[in-house]
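To start, the structure under review is shown below, and the notes come after it.
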Amino acid sequence: MTQTFAEPSSSPALLLLGRRRDPLSERGVDCPGDLPSPSDPGLVQRAAAAKAKLGNRVFVLGHHYQRDEVIQFADVTGDSFKLARDAAARPDAEFIVFCGVHFMAESADILTSANQAVVLPDMAAGCSMADMANISQVEDAWAQLAEAGIADSTVPLTYMNSTAAIKAFCGRNEGAVCTSSNAEVAMRWAFEQSGGLGGNGKVFFLPDQHLGRNTAVISLGLSLDDCVLYDPRKPLGGNTLEQLAAARVILWKGHCSVHGRFRKENVETMRAEVPGVNVLVHPECAYDVVTAADFVGSTEYIIRAIEDAEPGSAWVIGTELNLVRRLANAHPDKEIHFLEDTVCFCSTMNRIDLPHLVWALESLVAGDVPNRIVVDDDTQTWAKVALDRMLALPANNPAKD
Ligand code: SF4
């Protein structure tokens, strides 16, 4: 047979899967311990036995996007904010095993007491969106806005999906945190702090441009022209001073690598293939996808919408595949489709697999606390200020919650 493809050799610029690794970008890929083999047939029994031995000392949290093999061991499931609050409501649990991603475990550490240890079973479970805004970039951008005379009339608002350092930045600078459930209420609050929606003040929204744009335009009635994109790799974010001065919302150039893949064409294709289908998407999707959909809301909203749907109704859902698959399995009386068949699971969330969970639980049984997530005191203090400002906001919009 004629060979048509010669595999390139590894180089620092091209790391072939499984051949080499880049320790700078793949923070914590190595686990300091012996992971069970993924093919070990006793993994389920080992996880159950270790969890039973730990009893009430351990509380296992499972994010909605987590794989089923892990979710089966979760004491509670939820989105990032619900899980952090659930963790805070269990002060008796010595260990919080967070089956989610790094920023979520940080939030749990901030909201739990110092004598509780938050464990992330694989330190490589990051979030590509959160990693798109690092604190030095954000502080540099804020300094540029200050130099341009804009920061004084601007309130920073960060999505829950951001590092603790970014949440602390918002706390220090009179800003707050928001979730996909309360982004509208939080953005209205931020405008009130800067002269009102009808004034000239601004909101600096981090790190998800899509949630920020969808909230500003669809929920608050601003125009697309009121929003500018801030690219941290360019001076003034790639804007002129005049553009920044005229903007009402400065959107950080970040996005979710899962939800950012859905396209308006996917909505059109599914409407043509499934007549009468209801299109339900997450607000991390792009503006043109959200405006083409019938319903938009957080993961909790999506779950409730499917639970409340009429038997026999047809739905196409644009969010993470593990959740869509679980909803389809749980509701066989409804026709449930995934919005785009080439979009895959959240790869970082999927780092937490059964071998990592078994390793984390068995380490705790053995008296070791592996992969403990610790947010330093100063960052905790200011991040908590930003989180508390969010918690003081009026109740969420029930239609989107
Ligand atoms: S789904 Fe998107 S926002 Fe959520 S953890 Fe994965 S990359 Fe981050």
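No lab work stands behind these numbers, since they all come straight from the coordinates. Everything numeric in this text was worked out from a predicted model, so none of it was measured. A quick note on method: Cβ atoms are made from the backbone with ideal geometry, for glycine too, and the neighbour counts reach across all protein chains shown.
Can you classify the stretch 168-282 as rounded, prolate or oblate using the Cα gyration tensor, where a ≥ b ≥ c are the square roots of its eigenvalues, rounded means a/c under 1.5, and otherwise it's prolate if a/b beats b/c and oblate if not? Because a/c hits 1.5 or more and a/b exceeds b/c, the stretch 168-282 counts as prolate.
Summing +1 for each Lys or Arg and -1 for each Asp or Glu among the other residues whose beta-carbon sits under 10 angstrom from that of residue 164 gives -1. In this simple spin-label approximation, residue 392 and residue 75 carry label points 7 Å from Cα along the Cα→Cβ vector, and these lie 3.1 nm apart. Amide H contacts for residue 320 (H built 1.01 Å from N in the peptide plane; partners 5 or more residues away or on another chain; cut-off under 5 Å): none found. Does the stretch 259-338 come out rounded, prolate or oblate, given a ≥ b ≥ c as the square roots of the eigenvalues of its C-alpha gyration tensor, rounded meaning a/c under 1.5 and, failing that, prolate meaning a/b above b/c? Since a/c reaches 1.5 but b/c is at least a/b, the shape of the stretch 259-338 is classed as oblate. Here the Karplus curve 6.51 cos²θ - 1.76 cosθ + 1.60, taken at θ = phi - 60°, turns the phi angles of the stretch 44-52 into couplings of 4, 5, 5, 5, 5, 5, 5, 5, 5 Hz, with x standing for Gly and Pro. Spin-label pair residue 330-residue 241: with each label point 7 Å from Cα along the Cα-Cβ axis, the two points sit 5.4 nm from one another. Between residue 342 and residue 88, residue separation times 0.36 nm minus the direct Cα-Cα distance comes to 87.7 nm.
Sorted ascending by nearby beta carbons within 10 Å, beginning with the fewest, 271, 188 become 271, 188. Ranking of 291, 77, 342, 154 by neighbouring Cβ atoms within 10 Å, starting from the fewest: 342, 291, 77, 154. Going by neighbour counts of Cβ atoms within 10 Å, the residues 315, 382 line up, fewest first, as 382, 315. Put simply, the amide H of residue 154, placed in the peptide plane, has neighbours under 5 Å in 202, leaving out anything fewer than 5 places away on its chain. Calculated FRET efficiency, residue 192 to residue 368, Cβ-Cβ distance, R0 = 41 Å: about 0.25 to the nearest 0.05.
Top mean-square fluctuation among 194, 298, 37, Gaussian network model of the chain, C-alpha springs under 10 Å? Top of the fluctuation ranking is 37. Among the chymotrypsin sites (Phe, Trp or Tyr not before Pro) within the stretch 194-246, not one is in coil by DSSP while having at most 15 neighbouring Cβ atoms inside 10 Å.
Ellipticity at 222 nm from helices only: DSSP H runs of n ≥ 4 in the chain, each -39500 (n - 2.57), divided by the residue count, give -10500 deg cm²/dmol.
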